[in-house]
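Undergrad: Would you mind keeping the following structure in view while I ask a few things?
The values are calculated or read from the model by the stated rules, or taken from the named source; none is laboratory data. All values reported here derive from a predicted model rather than from experimental measurement. Heads up, the Cβs are rebuilt from the backbone with ideal geometry, glycines too, and the neighbour counts pull from every protein chain shown. Accessible surface is based on the protein model in full, side chains and every heavy atom, while ligands, DNA and RNA are left aside. Shrake-Rupley method; radii C 1.70, N 1.55, O 1.52, S 1.80 Å.
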Amino acid sequence: MFTRFEKLPIRVSELKTCFYCGNSLPATAKEHIFNSSWGGSHKTGDLICNECNISFSTQTDPAFSVYIEAVMNAWSFKGERHKDVPKIILKGDYFLEKGGMLKLKQAIIEDEIQSDGTVNPHLVFNSRSQAKHWIEEGGMATWLGRLPSAEEQKYFKELIKQATPYALDARPQQFSSRLNLREQYRSSAHTILKCLKFYLPEWVSSDLTKPAQQFARYDQGDWRFFAVNVEQLFSIAEHAASKLGLGVHHNSVEVYWCSHLKMVIGVLTILHRVKRTVVIAQNYSGPDAILYVAEDTHGSKKPPQALFAEFDSKQFSLPLLGVQYFASLPKMEQFFYNELRVLVTLYYPIDAITARLIEGIKAVNEKPPRINETAIEEYVNLFLEFISNLSKILGVPIDPDRARTKLFEYGFSSLVNQYIGRTCTDLDITDLMVKALDHVMKDCNLNTP
């Protein structure tokens, strides 16, 4: 079936000029292959010149920011261009801190007048430490209109000690965002073309890719000509993410040379959450082939990895790809608005509680390093918290006692009976717990996308 299958070497330095404008390379300002705001870390001066690099920075580079910030916030990591994990600003009094934690933009300090005329102070803070700072650094004095006495400060500090923490549901509130689809597709085409230059420079200099280059760099042509919806019967990106555990910590590009479509189609996947498909070339008549390029987001600065497969068209073609242009601009905008809504209102909170579960498991694994009754109980509590939060997100009520019983029925009883003393990170133990959680989620109808 394959006439060629190989891991590709880096060939970016073979072309000594910018593939957009022809200026000499290397450039002094190095260009990321996958945008640094997406967590991309590898960059080189052999891709495009300084002038072309700068041209993407103001509009095109930020086009995906609303998606990227949500994913990074949920998983508590940041890109090179972020000083901190991005915060999600909500309408009203709250924002989402890293990990999807709901926080006040500023403390709520107000007086509630009761029916009998008495005044009840209503004070809400993010933490006890914030409340103490409010007392000691002038906030309380501003509220009272005078300096508080030592007795008043002592009284309020005692109230803070006795206050019961109240955790609000951390799911995102209403959101609104203007989507710049034109710039999203320019950014996607730009990234796909850079991947081609990095590994297959002859393709980036081909006349077939000139329209895509002119669109990406100079915004020439109707952007809807390049924007297509794709159905993939088999996605290398999805398969790799599943098998290798890459998840949201990687970006990837797939390029399909399709003889039956007479097209070259590029698929950009950002942080395993956002996908854009771009027509890179028309009137293609060569062999069927696939290029897969992936780069992690851990700041390693290592170059992406690439696999290339070419097929014998007589024995096998690529009917794996179904490509369709969007019907109309209003329907297209609705399609992408719905995509963003699903990401923010479903994937985002699920990502946040999943990341919290993973971090909780890591903490248990570190103390102690071996399975005992205390560790088992901590695992159970982490899974029950995850199941409870997931039920709220999906709107599916559950019985916590039944969920606990089922966890033991589906595998945790084996931890008690057979695995005491084994290392917490033992693959058999990890596999057992994952399968137990999966069975309980199915029993509770907690079907995730």
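Undergrad: Just add up the charged neighbours of Ala163: K/R +1, D/E -1, any other residue whose Cβ is under 14 Å from the Cβ of Ala163.
TA: Numbers: positive: Arg128, Lys132, Lys157, Lys161; negative: Glu158.
That works out to +3.
Undergrad: Among the Cys residues of the chain, which have no other cysteine Cβ under 4.7 angstrom away?
TA: So far as the 4.7 Å Cβ criterion goes, Cys21, Cys52, Cys195, Cys258, Cys424, Cys444 stand without a partner in the chain.
Undergrad: Additional query: Can you tell me the dipole magnitude for the chain around its Cα centre, using point charges on the Cβ only (Lys, Arg +1; Asp, Glu -1), in Debye to the nearest 20?
TA: 860
Undergrad: Could you work out the local net charge near Val364, counting Lys and Arg as +1, Asp and Glu as -1, over the other residues with Cβ closer than 15 Å to its Cβ? Before the final figure, lay out each step's value.
TA: On the way: positive: Arg356, Lys362, Lys367, Arg370, Arg422; negative: Glu359, Glu366, Glu373, Glu377, Glu378, Glu385, Asp426.
Around Val364, the charge tally is -2.
Undergrad: Just want the answer: with Cβ charges of +1 for Lys and Arg and -1 for Asp and Glu, which residue in Pro369, Leu261, Ile350 is farthest toward the dipole's positive end in the chain?
TA: Leu261
Undergrad: Show that you can apply the helix-only estimate: for the chain, add -39,500 (n - 2.57) for every DSSP H stretch of four or more residues, divide by all residues, and state [θ] at 222 nm to the nearest 500. Each step should come with its number before you reach the end.
TA: Details: 16 runs with 176 residues, N = 449.
Calculated at 222 nm, the ellipticity per residue is -12000 deg cm²/dmol.
Undergrad: Here is a follow-up. Two decimals is fine: what's Rg over Rh for segment 336-449, C-alpha atoms, Kirkwood radius as Rh?
TA: With Rh from the inverse mean 1/r over Cα pairs, Rg/Rh is 1.02.
Undergrad: Report, in whole Å, the centroid distance computed from the Cα atoms of segment 1-66 and segment 190-220.
TA: 10
Undergrad: What Kirkwood hydrodynamic radius do you get for segment 1-136 when you take the inverse of the mean 1/r over all pairs of distinct Cα atoms, in Å?
TA: Hydrodynamic radius (Kirkwood, Cα pairs) of segment 1-136 is 19.6 Å.
Undergrad: If you average 1/r across every pair of different Cα atoms in the chain and take the reciprocal, what Kirkwood value do you get, in Å?
TA: Here the Kirkwood hydrodynamic radius works out to 25.4 Å.
Undergrad: Of Asn50, Ser24, Trp75, which is farthest on the positive side of the dipole of segment 17-92, counting Cα position, with +1 on Lys and Arg Cβ, -1 on Asp and Glu Cβ, and the Cα centre as origin?
TA: Checked the options; the winner is Trp75.
Undergrad: Count the net charge of all other residues whose Cβ sits under 14 Å from the Cβ of Pro201, scoring Lys and Arg as +1 and Asp and Glu as -1.
TA: +1
Undergrad: Now a separate question. Could you check how much of the accessible area of the chain is carbon and sulfur, as a whole percent, using a 1.4 Å probe?
TA: The value for the chain is 52 percent carbon and sulfur by accessible area.
Undergrad: If you don't mind, there's one more thing I want to ask. How long is the gain from Leu8 to Glu97 if the chain were fully straight, where each residue apart is worth 0.36 nm and the alpha carbon distance is subtracted?
TA: Separation in residues times 0.36 nm, less the Cα-Cα distance, equals 28.0 nm.
Undergrad: So what is the accessible area of the chain per residue, in Å², with the probe set to 1.4 Å?
TA: 51
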